[in-house]
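Data block below; observations after.
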Amino acid sequence: SHSSGMSEQPAGNPHESKAADRVLSLEDIPLHSTNLLSLLDEDGIIHYQSPSITRLLDFEPGDLVGVPCTDCFHPDDRERVYDAFKNVVSSDSFVVEAIEYRHLNATGAYTWVESVASSNPTAEGYYVINTRDISAQKRQRKALQRANERLKKLATIVSHDLRNPLGVVTGRLR
């Protein structure tokens, strides 16, 4: 038995074969996203929503399929949000729209969300909408605005008193 002079190949990186066995299919990605991924046709009809809709809005993934997206928007936000979607759909160039609005949840109340869409449809002609809950940020922003308004009132009172020290003193002497 004669050796060919070729040595056996070293085992290599043990992680490589494991990684190759673990190819994540594209269908699995939405299952692991914290954001809601939705597919809408050019008329705004919902064709798919990822499982995170349950955590975000208490709906099951199939509950809103076939529903016009506008039915899910707060009436005061409906026109503004649909106009942004139509801008994405009708654009000849690449456009990304991000919009904040109130989305209906399964309890019948509304949740503040931000949705982002691009004018780049899938091969099937669907638009991918990425939606996240922004309720906490909205509450923080509102609290900050209220605090700023209180500070402005206080500053007005203090500056008035500082501008009129003699008026205050003479008024007290009378």
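The values are calculated or read from the model by the stated rules, or taken from the named source; none is laboratory data. The shown structure was predicted, so the numbers you read here are calculated from the model rather than taken from an experiment. So basically every Cβ, Gly included, is an ideal-geometry build from the backbone, and we count neighbours across all protein chains shown. Heavy atoms of the whole protein, side chains included, go into the accessibility calculation; ligands, DNA and RNA do not. Shrake-Rupley method; radii C 1.70, N 1.55, O 1.52, S 1.80 Å.
Note on segment 72-101: among residues that are out of contact with any strand residue (DSSP E or B) (no Cβ under 8 Å at 6 or more places or on another chain) and of a type in the set (Gly, Ala, Ser), the one that is least open to solvent (accessible area, probe 1.4 Å) is 91.
Within segment 77-117, the set of residues being touching a residue at least 24 places away in the same chain (Cβ under 8 Å), in a loop (DSSP other than H, G, I, E, B) and not hydrophobic (A, V, I, L, M, F, W, C) comprises 77, 91, 93, 105, 107.
Going through (1) out of contact with any helix residue (DSSP H, G or I) (no Cβ under 7 Å at 6 or more places or on another chain); (2) more than 27 Å from residue 141 (Cα to Cα) one by one, residue 60 falls short only on (1).
Does residue 136 satisfy the criteria of being out of contact with any strand residue (DSSP E or B) (no Cβ under 8 Å at 6 or more places or on another chain), aliphatic (A, V, I, L, M), open to solvent by less than 90 Å² (accessible area, probe 1.4 Å) and modelled with pLDDT under 95? Yes. Taking the criterion of being outside any helix (DSSP H, G or I) and among the acidic types (Asp, Glu), the only residue of segment 125-164 that qualifies is 133.
Restricted to segment 60-70, and to residues there that are assigned to a loop (DSSP other than H, G, I, E, B), of a type outside the set (D, E, K, R) and surrounded by fewer than 20 Cβ atoms within 10 Å (Cβ to Cβ), the residue that is farthest from the chain's Cα centre (by Cα) is 66.
Within segment 33-48, the set of residues being assigned to a loop (DSSP other than H, G, I, E, B) and surrounded by 15 or more Cβ atoms within 10 Å (Cβ to Cβ) comprises 35, 41, 44.
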